[in-house]
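**Q** The following block contains the structure, expressed as structure tokens.
The values are calculated or read from the model by the stated rules, or taken from the named source; none is laboratory data. From a predicted model like this one, the values you see are computed outputs, not experimental measurements. FYI the Cβ positions are ideal-geometry reconstructions off the backbone, even for glycines, and counts take in every protein chain you see. The area values use the complete protein model at the heavy-atom level, side chains included, leaving out ligands, DNA and RNA. Shrake-Rupley method; radii C 1.70, N 1.55, O 1.52, S 1.80 Å.
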Amino acid sequence: MNGAPAHTRIPVLLYHPVMDDPPSWIAEFTVTPRQFASHLDVITGSGRTPLTVGTLVEHLTAGTPLPPRPVVLTFDDGFADLVGPTAEALASRGLPATAYLTTGAITPGRPCLLPPAPMMTLSQVPRLEQYGMEVGAHTVTHPQLDTLAPNVLRRELREAKTALEDVLGHEVIHLAYPHGYNSPAVRRAAKAAGYASAVAVRHALSSRTDELFRLARLIVRRGHTTADVEAWMEGTGARSAPYPDSLPTVGWRLYRRGRALLKGPGFAG
């Protein structure tokens, strides 16, 4: 098989912390090290070709054939386990991944909307690349980007990018939207800020025809089993992007914008 057909469903998995005793606010989106190891075993045994987001985007942009049965692993925020046992578990299996880092959360003394949790630090970011991970930006304070004024939106996108580029010594061109929230204006701003792609959530499989500035991901929750991961590896268990926003999604965005005008930026979705 030379590459993947246009209709191929691509699982892009979204992880948060990998730990046994997470803070309550992130527990729903945390898997234990034992669960994580079982997921990785399923992925390595699935026959899929692991890629970084950057490699996937290069193929989508150039229109070149994808490797057979691609899969992408991503990690959001920058929890403390990422730069240690989680990166080691990936490296020991030869699995590349993309880490999207919230710079305010990993820089001591910087404001951030994320509640307290054990986090890695900005100075540790180069170690992720030593493990073979790709680094992307996840804004500075983790706001709901589609509720921000244009100048604040631009600052969140550019300052996170600059902070990571300064510590890494090279360009950072991939972005993850906090909470997955985005809009046409947010997507335009991401492109204008110099990003080549952005991932959302969408709770869906990506595809060869997915949108570069809202690539779909499957968010991994603590209740997901190895059977769920096996289904995703088979290209089942979720719908496939791209697809238009539903009316409830549009309505929820309008509600959140109104709430932000009244109460200011908020973390909770």
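**Q** Could you check the stretch 84-113 and list, in sequence order, the residues that are within 18 Å of MET19 (Cβ to Cβ) and assigned to a loop (DSSP other than H, G, I, E, B)?
**A** Of everything in the stretch 84-113, those that are within 18 Å of MET19 (Cβ to Cβ) and assigned to a loop (DSSP other than H, G, I, E, B) turn out to be GLY84, THR102.
**Q** A follow-up question, please. Output yes when any residue across the stretch 20-27 is modelled with pLDDT of 95 or more, crowded, with 17+ Cβ neighbours inside 10 Å and either outside any loop (DSSP other than H, G, I, E, B) or not basic (Lys, Arg) (or both), and no when none is.
**A** Yes: the stretch 20-27 contains one or more residues that are modelled with pLDDT of 95 or more, crowded, with 17+ Cβ neighbours inside 10 Å and either outside any loop (DSSP other than H, G, I, E, B) or not basic (Lys, Arg) (or both).
**Q** So, in the stretch 134-168, of the ones that are among the polar types (S, T, N, Q) and assigned to a helix (DSSP H, G or I), which residue ends up surrounded by the most Cβ atoms within 10 Å (Cβ to Cβ)?
**A** That would be THR147.
**Q** Would a scan of the stretch 114-133 turn up a residue that is buried (at least 17 other Cβ atoms within 10 Å of the Cβ) and farther than 26 Å from ASP21 by Cα?
**A** no
**Q** With the structure loaded, tell me whether LEU56 is surrounded by 14 or more Cβ atoms within 10 Å (Cβ to Cβ) and closer than 15 Å to VAL220 by Cβ or whether it fails that test.
**A** Against the criterion (surrounded by 14 or more Cβ atoms within 10 Å (Cβ to Cβ) and closer than 15 Å to VAL220 by Cβ), LEU56 does not qualify.
**Q** May I ask you to list pairs of residues, at least six apart or on different chains, whose Cβ atoms are under 9 Å apart, with the first in the stretch 83-101 being closer than 13 Å to TYR15 by Cα and the second being open to solvent by 10 Å² or more (accessible area, probe 1.4 Å) and basic (Lys, Arg)?
**A** Sorted first by the residue in the stretch 83-101, then by its partner, the pairs are ALA87/ARG127.
**Q** Moving on. Of all residues in the stretch 33-43, how many are open to solvent by 40 Å² or more (accessible area, probe 1.4 Å) and either outside any helix (DSSP H, G or I) or among the polar types (S, T, N, Q) (or both)?
**A** Of the residues in the stretch 33-43, 1 are open to solvent by 40 Å² or more (accessible area, probe 1.4 Å) and either outside any helix (DSSP H, G or I) or among the polar types (S, T, N, Q) (or both).
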